[in-house]
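The values are calculated or read from the model by the stated rules, or taken from the named source; none is laboratory data. Note that the coordinates shown come from a computational prediction; the quantities given were computed from them, not determined experimentally. Don't worry about glycine lacking a Cβ; one is built from the backbone with ideal geometry, like all the others, and counts go over all protein chains shown. For accessibility, only protein heavy atoms count, side chains too; no ligands or nucleic acids. Shrake-Rupley method; radii C 1.70, N 1.55, O 1.52, S 1.80 Å.
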Amino acid sequence: MTEKFYITTPIYYVNDYPHIGHAYTTVASDVMARFHRMKGHEVFFLTGTDEHGQKIEKTAKQTSEKPMELADRVVQRFKSLWEKLNISHDHFIRTTDREHIFGALHFFQTCFENGDIYLGDYEGWYAVNDEEFLTETQVQELGDSIHNNPNIVRLKEKTYFFKLSKFQDQLLEHIHKNKDFIQPNSRRNEVIKFIEGGLKDLSISRTSFEWGIPLPQDPKHVMYVWFDALSNYLTAIGYGKDDAKFNKWWPANVHLVGKDILRFHAIFWPAFLMSAKLPLPKTVFAHGWWTVEGEKMSKSKGNFVDPFEFVEKYGTDPFRYFLLKEFPFGQDGNFSRDQFRLRLNNDLANELGNLVSRTISMVTKYCGGKIPNVPTSPSVLISDSLEHSKKYDEQLVTMTFDKALDEVSQMLRKTNQSIDQSKPWEMAKDETKKSALEQNLYEWCEVIRMVSVLLYPFMPSLTGEIRKKLGLPLIEEILSQNAMQQEIKFGVLVAGTVVSAGTPLFARIEA
Ligand code: MSP
């Protein structure tokens, strides 16, 4: 039976335009989706937008728009960024979609009927930007500054509560039993500590503003935006409507989120699911945050990295590559323009681009532009490359993007070294070395071919260019054949295939 892989990004708030942080989560998810498709798995990749709540209502007032107008406008910006970044999602959900609203209400009603929602009074502090009720610890940390923070409001309202406290032990048990449930490990420990500190029931409806899903049993209340938003992971796959589809995809394999929203995904969300008697997602992975030139990204500092700008200037694939190569997924990292330039010049222009162009030009010059015969006993370069490919696979399964890319870099480095050491330009002058030269050229082309597969999830267009040069079909054309299995082996290139130099893959970026 075909393996299934359901992966989600967070759904993004529509109060502001997308920046590098949003691009990061989405590109990482796209890499995983493409990787799994390449392994022959059936993939459902979900992204979308989170459009209700006080924050959106507040922003719409500031821009003199209706919340729906604001949402429609900003959604276009997200959609066009995903198109520019070559994101291959299978569905884009908006929480204002009718199907979503239906499913979210069904989810709420299920928890209600299971006895886990009750009416009460809430009094406390609320951070509108994060759409979050502040805990006592958060309030203590903020101290007096809480009174001068325009983003934090004091609430006193009737509300429906979710019995979060009831699930405390069950949650801890699940986390302890399922080591992969929260990743990376450091985040898992944070969550355990938070739960052990004691869970309080959670307010899941609001009455002091209107932009949300009204509760049918009490329409003064709109659903708390996080209850609404989290349920998108169910409603997008037919929850309450299309059981066959829902049962096919749920539970999700991975929810990919930033560290700031881990608590919502690793505590609230599983508790809601437990209440609705649904299985929990297999993994919630929290990645770190990007700072810019060493500082936190913020509008007031004017240091927002605009992904559109980078894509337009340097192309989609180099930007995608940089995002995932720069620092380990799970840790925080810094965005610097110098580093971007160095990384691209070194890894892409020098190591990869140069290797491809010199190899193809040697095949043109020494073999009449045709792939030479398949050697009978491949050299250590090939066995090494297969070993690196295996490690790449192991690294990518666990979302260790930078290490997976390191394996590819090693293949490239070894191949470049093999060219430098064997000096093909000298071999070509000696007729007795002709067959050795052809063996070398065949092997170098083979490594490039394998690299075009391994880099495909990261750089879907540029690897396509490489494959065209080698006269190979695009990865998309061979997905149904389990590209990883078919292509990560020796001897796939057919002797006599015509290669073409075409245009260079990368231009160096000048300082
Ligand atoms: N709407 C909620 C998610 C609901 S999911 C059911 C939300 N939206 S968001 O637009 O504010 O943030 C979306 C994602 O972007 C989060 O995973 C967040 O961690 C990520 N990032 C926002 N800024 C970031 C950086 N500077 N660096 C990396 N990721 C960051 O939260």
**OP:** Would you please name the residue that is most open to solvent (accessible area, probe 1.4 Å), looking only at residues in segment 278-294 that are farther than 30 Å from V397 by Cβ and more than 11 Å from the ligand (Cβ to nearest atom)?
**Re:** E293
**OP:** Would you be able to say whether some residue in segment 176-191 is farther than 30 Å from V43 by Cα, open to solvent by less than 30 Å² (accessible area, probe 1.4 Å), among the hydrophobic types (A, V, I, L, M, F, W, C) and outside any loop (DSSP other than H, G, I, E, B)?
**Re:** no
Subject >> Odd one out for I146, checked against (1) exposed (fewer than 15 other Cβ atoms within 10 Å of the Cβ); (2) more than 16 Å from the ligand (Cβ to nearest atom) >> reply: (1)
Original post:
Considering R73, R94, R77, which residue is in contact with a Ser or Thr (Cβ under 8 Å, 6 or more places away or on another chain) and either near the ligand (Cβ under 10 Å from one of its atoms) or charged (D, E, K, R) (or both)?
Top reply: R94
Original post:
How many residues does segment 73-93 hold that are without any contact (Cβ under 8 Å) to a residue 60 or more places away in the chain and either over 24 Å from the mean Cα position of the chain (by Cα) or open to solvent by 70 Å² or more (accessible area, probe 1.4 Å) (or both)?
Top reply: 5
Original post:
Restricting attention to segment 90-105, does a residue exist that is closer than 30 Å to P318 by Cα, in contact with a strand residue (DSSP E or B) (Cβ under 6 Å, 6 or more places away or on another chain) and assigned to a helix (DSSP H, G or I)?
Top reply: no
Original post:
Can we say I56 is under 30 Å from I117 (Cα atoms), within 16 Å of the ligand (Cβ to nearest atom), in contact with a strand residue (DSSP E or B) (Cβ under 8 Å, 6 or more places away or on another chain) and part of a strand (DSSP E or B)?
Top reply: no
**OP:** Could you pull out every one of the helices (runs of 4 or more DSSP H) wholly within segment 346-447 that has 3 or more residues that are crowded, with 20+ Cβ neighbours inside 10 Å?
**Re:** 354-366, 380-397, 401-422
Original post:
Which of (1) open to solvent by 50 Å² or more (accessible area, probe 1.4 Å); (2) part of a loop (DSSP other than H, G, I, E, B); (3) at pLDDT 95 or above does K166 not meet, given it meets every other one?
Top reply: (2)
Original post:
Can you name the residue in segment 1-47 that is away from the ligand (no atom under 11 Å from the Cβ) and surrounded by fewer than 20 Cβ atoms within 10 Å (Cβ to Cβ) and is also farthest from V305 (Cα to Cα) among such residues?
Top reply: M1
Original post:
Restricting the search to segment 295-310, which residues are of a type outside the set (A, V, I, L, M), open to solvent by less than 70 Å² (accessible area, probe 1.4 Å) and within 12 Å of the ligand (Cβ to nearest atom)?
Top reply: S298, N303, P307
**OP:** Could you tell me whether segment 245-266 includes any residue that is out of contact with any strand residue (DSSP E or B) (no Cβ under 6 Å at 6 or more places or on another chain), under 15 Å from R98 (Cα atoms) and acidic (D, E)?
**Re:** no
Original post:
Given the conditions (1) closer than 21 Å to H89 by Cα; (2) touching a residue at least 40 places away in the same chain (Cβ under 8 Å), which single one is not true for G240?
Top reply: (1)
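The rows are residues; the columns are (1) part of a helix (DSSP H, G or I); (2) modelled with pLDDT under 95; (3) surrounded by fewer than 15 Cβ atoms within 10 Å (Cβ to Cβ); (4) more than 16 Å from the ligand (Cβ to nearest atom).
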site	(1), (2), (3), (4)
K220	no, no, yes, yes
A229	yes, no, no, no
A244	yes, no, yes, yes
L256	no, no, no, no
Original post:
In the list V139, V128, which residue meets the criterion of being buried (at least 16 other Cβ atoms within 10 Å of the Cβ) and in contact with a helix residue (DSSP H, G or I) (Cβ under 7 Å, 6 or more places away or on another chain)?
Top reply: V128
